[in-house]
1. Applying the selection to the stretch 81-112, what residues are assigned to a helix (DSSP H, G or I) and more than 23 Å from HIS65 (Cα to Cα)?
2. Please work out which residue is farthest from the chain's Cα centre (by Cα), limiting yourself to the stretch 224-249 and to residues that are free of Cβ contacts under 8 Å to residues at least 12 places away in the same chain and within 24 Å of VAL146 (Cβ to Cβ).
3. Under 7 Å between Cβ atoms, which residue pairs at least 6 apart in sequence (or on different chains) link something in the stretch 49-70 that is assigned to a helix (DSSP H, G or I) with a partner that is at pLDDT below 70 and open to solvent by 60 Å² or more (accessible area, probe 1.4 Å)?
4. Tell me which residues, restricted to the stretch 76-86, are among the hydrophobic types (A, V, I, L, M, F, W, C) and either free of Cβ contacts under 8 Å to residues at least 24 places away in the same chain or out of contact with any Pro (no Cβ under 7 Å at 6 or more places or on another chain) (or both).
5. When the residues of the stretch 213-252 are filtered to those that are of a type outside the set (D, E, K, R) and part of a loop (DSSP other than H, G, I, E, B), which remaining residue is surrounded by the fewest Cβ atoms within 10 Å (Cβ to Cβ)?
6. Within the set of pairs 6+ apart or on separate chains, which have a first residue in the stretch 87-104 that is β-branched (Val, Ile, Thr), a second that is open to solvent by less than 40 Å² (accessible area, probe 1.4 Å) and assigned to a helix (DSSP H, G or I), and C-beta atoms under 7 Å apart?
7. Within the stretch 253-264, how many residues are open to solvent by 30 Å² or more (accessible area, probe 1.4 Å), part of a helix (DSSP H, G or I) and among the hydrophobic types (A, V, I, L, M, F, W, C)?
8. If I go through the stretch 230-243 residue by residue, how many of them are farther than 15 Å from LEU167 by Cβ and not hydroxyl-bearing (Ser, Thr, Tyr)?
Amino acid sequence: MTTFAASDMPPAAGPNFKPRHPWDAWFFPLSLAIYWVGLVMGFGGDMMHRAKLGQLSFPLIVHVHAAVYVAWMVLLTTQVALIRKGRADLHRKLGVASLGFVPVMLVVGPMAAFTTQTARFGTPASDPAFLAIQLGGLVSFAILIVAALLCRKQAALHKRLILLSTLTIVDAGFARWVGPIWGPVLGPALGSPFWTNYLILYGCTAALMLSIGVYDLVTRRRLLPGYVLGLALAISGHVIIVTAYMNPAWGAFCKGLIGGLAGH
């Protein structure tokens, strides 16, 4: 995860795209800060409420999942701080050392999803079709993070792909507190239940993904082709996930799958 290293890497970024801009020193840390706000607001309040009710007993894999994903955010924050301090050398070394995080995230994510779905099966909280959201985001994350790592010598593209990939795993935080505010209001106005679900689940993260392009248009007057491809992949993933979630056939398949795992 050699994120945001731009000082001494080849700036191969596309025709006339300036690899660095003075505002970058604020845009990328601010973006990361917003991601943290989404996570804290989305999960912090819920955890405090559960703690008051004595309902913080989760399966071990859920705790592991939370620890690993928070560790990813801490690691990403550390990487940004190192670049801010001019320590690109330590940034690169930590990036290489942290490569093992990715496969761990791709393992504990599905394990936590299936564990929680199995535990809730047959209860009012059961929603097997939600596996589309739980697993679909990890597919997008895997593709984007691999692309980011392959493009780590192209600093401008690398850091934009890192932001896009991170947004595919922090969307749950925003969906817990921003989505329920505007989704039920704006969704019906757009005339389709699809948009209600889309705005609840992904409206905020889609806006943050688009904000990267808006920033580049303001500061560079152009977009990176690689960013456009990454954005298209992420948004297409959103559409596919929501469509699957709303599809009765997908719901029936997941119900049968989770029911079998739960022994029903």
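The values are calculated or read from the model by the stated rules, or taken from the named source; none is laboratory data. These numbers were taken from a predicted model, which means no experiment stands behind them. Ideal geometry is used to build each Cβ from the backbone, glycine not excepted, and the neighbour counts take in all protein chains shown. Ligands, DNA and RNA are stripped out before the accessible areas are found, and what is left, the full protein with its side chains, is counted by its heavy atoms. Shrake-Rupley method; radii C 1.70, N 1.55, O 1.52, S 1.80 Å.
1. ALA81, LEU82, ILE83, ARG84, ALA88, ASP89, LEU90, HIS91, ARG92, LYS93
2. Selected residue: LEU229.
3. Close Cβ pairs satisfying both conditions: ARG50/LEU56.
4. Once the filter is applied, which keeps residues that are among the hydrophobic types (A, V, I, L, M, F, W, C) and either free of Cβ contacts under 8 Å to residues at least 24 places away in the same chain or out of contact with any Pro (no Cβ under 7 Å at 6 or more places or on another chain) (or both), the stretch 76-86 yields LEU76, ALA81, LEU82, ILE83.
5. That would be ASN247.
6. Close Cβ pairs satisfying both conditions: VAL102/ILE145; VAL104/VAL68.
7. So the answer is 3.
8. 3
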